[in-house]
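Below is one structure, written out as structure tokens; the observations come after it.
The values are calculated or read from the model by the stated rules, or taken from the named source; none is laboratory data. These figures come from a predicted structure and were not determined experimentally. Note that each Cβ is placed from the backbone with ideal geometry, even for glycine, and that neighbours are counted across all protein chains shown. These area figures cover heavy atoms from the full protein model, side chains too; ligands, DNA and RNA do not enter into them. Shrake-Rupley method; radii C 1.70, N 1.55, O 1.52, S 1.80 Å.
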Amino acid sequence: MCIRDRYSDVYFTESFDGGNSWTDPAEITQNWGAKKNIVVLLEKDTGRVYVMHADGENTRLATREPGARIFTHETIASKYRSQGIKHLVQVKDKKTSQRTLYLFASTEEGAYRERIDYLKSFNSTNNWTDARTIVSGAYSLGNIPMAVGTEGHFYIQYFAGANASCIKAVWTKDYGETWEPPILIAETSLDDHTMTMCGKGSNEKVFSINGKTSASNGYIKYVKPGQTDFKDLNYPFPQFDQIVETQMSCAHSGNGKYTLALILEEQKSHRVHIAYGIAHNL
């Protein structure tokens, strides 16, 4: 998938030989307007592709069936601004094989504040529930990372407090049927942050990272899904300028061993820092 530029069209291309050759690009967007924020979801077991976009007037979903070259299009009733589409997640029921799509999006509530909603669709993309609000009053200048677990756990992380003075998270243990009250993760400054989840069963962990806070150079914290007491990994962060881009990936290799890979970009110098570490017995 490639996007030519911010105001241009979106095209789809794929490779069947490990990236050595690619199919001719196929246009997806059909005059979708300004494309500031597009989320893409791939069903790995089928090859089905979903592309979601909003422009303030319409929330659109394009779907490509396995092996097809043409995307089908539909408009979802709820309207979100173009920056508001955050995450598109799919869960497959282990017993019934039913697939459920979850759309997480944000809407402005006032000066630098927004609410976070989610909608879901069961087995058919043209039948979405009404939007349900799970966070109100989030600080709108930050991103909204999400971690998805294997046993029904979702975590949504966001800036809160006066002038984005802290990072909080809300979470669910039943695929969004009920949401627990916000958890305070850290007092912080307005720097980019992210979270991820890895491992399975009793080894599953949620990891949260911020490259710089108001009180320290940064942190990596973790918690077992279903618990609220995030613990600090005491990662030795160097002194950073303001962080504008944060990425983290995680792999669990058994015996309580987790490998974390980090990418952080500083705002003024645009220096990019890449690091990895191994955590044991969490």
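Within the chain, all pairs of alpha-carbon atoms sorted by distance into 10 Å bins from zero give the percentages 6, 26, 34, 27, 8, 0. Less than 5 angstrom separates the built amide H of residue 193 from those of 143, all sequence-distant by 5 or more or on a different chain. What is the range 66-210 by shape, rounded, prolate or oblate, if you read a ≥ b ≥ c off the alpha carbon gyration tensor as root eigenvalues and call it rounded for a/c under 1.5, prolate for a/b larger than b/c, and oblate otherwise? Oblate. The residues of the range 150-282 expose on average 47 square angstrom of accessible surface per residue, using a 1.4 Å probe on protein heavy atoms.
Here the relative contact order of the range 34-166, from alpha carbon pairs under 8 Å that lie six or more residues apart, stands at 14 percent. Using a Gaussian network model on the chain with a 10 Å cutoff between Cα atoms, which of 266, 245, 43 fluctuates the most? Looking only at 266, 245, 43, the biggest GNM fluctuation is shown by 43.
Given +1 at the Cβ of Lys and Arg, -1 at the Cβ of Asp and Glu and no other charges, the dipole of the chain around its Cα centre is 420 debye to the nearest 20.
Across the range 81-123, Cα pairs under 8 Å and at least six residues apart give a relative contact order of 35 percent. Phi angles across the range 244-255 convert, under the Karplus curve 6.51 cos²θ - 1.76 cosθ + 1.60 with θ = phi - 60°, into 3J(HN,Hα) values of 10, 8, 9, 9, 8, 10, 9, 9, 10, 10, x, 6 Hz, Gly and Pro given as x. Normalised by the number of residues in the chain, the average gap of Cα pairs under 8 Å and 6 or more apart makes the relative contact order 7 percent.
Summary of the geometry: the range 71-119 and the range 153-198, compared by the centres of their Cα atoms, lie 17 Å apart. What does the C-alpha gyration tensor say about the overall shape of the range 185-282? Classify as rounded when a/c is under 1.5, otherwise prolate if a/b is larger than b/c, or oblate. Prolate, since a/c reaches 1.5 and a/b exceeds b/c. With every protein chain in place and a 1.4 angstrom probe, the accessible-area ranking of 87, 270, 193, largest first, reads 270, 87, 193. By accessible area, using a 1.4 Å probe on protein heavy atoms only, the chain has 47% of its surface on carbon and sulfur. Springs between Cα atoms under 10 Å define the GNM used for the chain, and in it the highest mean-square fluctuation of 22, 179, 171 occurs at 22. Any chance you could look up the accessible area of residue 197 with a 1.4 Å probe, heavy atoms only, rounded to 10 Å²? Answer for residue 197: close to 30 Å² accessible. May I ask which of 95/257; 95/224; 231/257; 79/173; 173/231 have a Cα-Cα span longer than 23 Å here? Violating the 23 Å Cα-Cα cut-off are 95/257; 95/224; 79/173.
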